[in-house]
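I have placed the structure first, in the form of structure tokens, so that the comments after it can refer back to it.
Where a number appears in this text, it was derived from the coordinates with a stated rule and is not lab data. In this text, all values refer to a predicted model and were calculated from it rather than measured experimentally. All Cβ positions, glycine included, derive from the backbone under ideal geometry; neighbour counts span all protein chains shown.
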Amino acid sequence: MEITCPYPCSAEAECKTLNDFSFTVFDTIENLGELQWNKHIPQTNVLMQHESLKLIQTTHSNKMQFRYVLVTKNDVTVGVLYFQVVMFHANQLINYFPEVRKGNVVMKAAKTVTKNLLDLINVKLLVSGNVFMTGENGFYFSSEVDKATRAKIIRKIVREVVKSDGSIKAVLISDLYEPKTEFDTDFEKRGYHEITVESDMSIKLMLEWKSFDDYMNSLSSKYRVRAKKVLSLCNEAGVTMKNLSADEVALHENKLYELYEQVMGNADFKLAELSKDFFRTQKQQQPDNYRIHAYFRNEELIGFISSFCFGKRMEVHYTGMNHDICKPIHLYQHMMYDMLKTGIENKVEQLHFGRTAPEIKSTIGAVPSPMYGYVKHFNPIFNFLFVRNYTANLKPKEYTFRHPFKG
């Protein structure tokens with residue numbers, strides 16, 4: 001059987017437009033100068049700076065590999081890129097298979113066949129950006145490099161990285177925000193397939209919110225009553241919250257990771273898991289900007305939520321909890337209100353909650369920012385027959401987004 005590929009398998013023509021650019025790939029950040037890297041990263045993006053990436057590498061080198069790239073033009077650095085190499089287990093994608101209605105024998109059979117096929121697919125995946133942070137696509141360029149050229153550079157670097165490491169079988173260019181631009185023009189012509197991911201949920205904190213009470217007063221009656229009920233449940237259950245110091249994070253390290261694993265075990269999709277010592281080492285590195293809010297009942301640690309706060313931006317990171325204890329008292333939603341309170345107290349302008357539990361986050365005022373990415377398997381037949389068809393039908397779960405504010 002002859003298969004006609006709808007896109008050119010060679011990118012030679014594309015490469016000709018990049019003759020003025022060259023790049024150097026590093027597999028360890030120790031070989032890359034701190035000033036050399038940081039001068040191309042916005043100061044507000046602390047988590048992409050040399051020190052933070054070094055921490056990720058130090059704590060996760062046994063779980064993943066890394067690639068750091070400098071792009072130069074006329075001996076001047078005009079761009080930097082960051083990749084992580086992870087093992088991808090495709091059977092996670094069955095969670096995004098359309099829901100099978102009762103009695104639909106055809107769809108049920110299709111899901112069974114798909115699941116059996118996905119169980120066989122475990123590939124080494126090259127991912128742009130940081131899989132531990134929502135919205136970090138991992139590349140920065142100077143303004144002189146237009147968006148279409150940036151995309152060409154990224155695709156060329158991917159080809160060369162894969163050529164030097166044949167064990168990498170696929171690539172994911174992740175966490176791109178709508179609307180699309182000229183950056184997106186040629187990805188599909190080069191064998192990439194668009195993939196839709198869950199939206200990034202965030203809330204803009206209003207200037208008039210000088211306190212959490214101001215936020216509560218901005219809610220409609222229905223949602224203000226609901227918020228008060230959620231907050232009272234934890235109080236009635238004797239739950240207390242504490243912002244842990246670095247020493248306290250070290251003291252509770254085992255329990256924090258146990259609670260984190262309980263949440264990750266229920267996740268529909270994950271590319272990687274944090275190492276056990278991440279919370280401790282991150283708190284030691286960023287004692288003021290990284291917070292872990294821990295929740296105790298009868299002196300027992302039952303849950304936590306972590307966040308980064310840099311200037312006017314706050315990023316909610318990972319959480320952990322004992323679901324049997326926390327679900328009845330709605331602790332997760334209580335955590336979201338505590339994050340809002342922290343953001344207001346620190347006078348941040350934008351609070352990012354990430355992708356998980358979008359419906360709950362919308363009840364406190366967070367709104368979705370649609371996101372997408374591009375994926376490609378380097379076996380052209382597999383890429384055309386399977387990846388193309390699967391990504392076309394791969395859609396995040398649908399949620400009902402709430403509108404809690406007055407008016």
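Summary of values
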quantity: Förster radius 22 Å - calculated FRET efficiency between A267 and V367, Cβ distance, rounded to 0.05; calculated: 0.45
quantity: Scaled radius of gyration (Cα, divided by 2.2 N^0.38 Å) that segment 206-348 gives; calculated: 1.07
quantity: On Cα atoms only, tilt of 147-164 relative to the major axis of the chain in degrees; calculated: 80
quantity: Per-residue Cβ neighbour rank within 10 angstrom, fewest leading, D146, D20; calculated: D20, D146
quantity: Spin-label proximity, K397 to segment 248-281 - amide N less than 15 Å from point 7 Å beyond Cα toward beta carbon; calculated: 263-270
quantity: Rounded D (µm²/s) - segment 171-244, Kirkwood Rh over Cα pairs, Stokes-Einstein at 20 °C, 1.002 mPa s; calculated: 124
quantity: Cα long-axis angle, helix 221-236 against the chain (0 to 90 degrees, to the nearest 10); calculated: 70
quantity: Spacing of the two label points (7 Å from each Cα toward its C-beta) at Q36 and N379, in nm; calculated: 3.8
quantity: Spacing of the two label points (7 Å from each Cα toward its C-beta) at K406 and K189, in nm; calculated: 5.4
quantity: In nm, spacing of pseudo-spin labels at K228 and N243 (7 Å Cα→C-beta vector); calculated: 2.7
quantity: Per-pair calculated FRET efficiency, R0 = 41 Å: K327 and V76 via Cβ, rounded to 0.05; calculated: 0.15
quantity: Estimated Rh, segment 122-175: Kirkwood, alpha-carbon pairs, angstrom; calculated: 12.2
quantity: Residue-count net charge about E261 - beta-carbon cut-off 10 Å; Lys, Arg +1, Asp, Glu -1; calculated: -1
quantity: Gaussian network model of the chain, Cα within-10 Å springs - most flexible of E253, E34, E236; calculated: E236
quantity: Residues K312 and K163, FRET efficiency given R0 of 35 Å [Cβ-Cβ distance, rounded to 0.05]; calculated: 0.25
quantity: Using alpha-carbon coordinates, inclination of helix 50-60 to the longest axis of the chain, degrees; calculated: 90
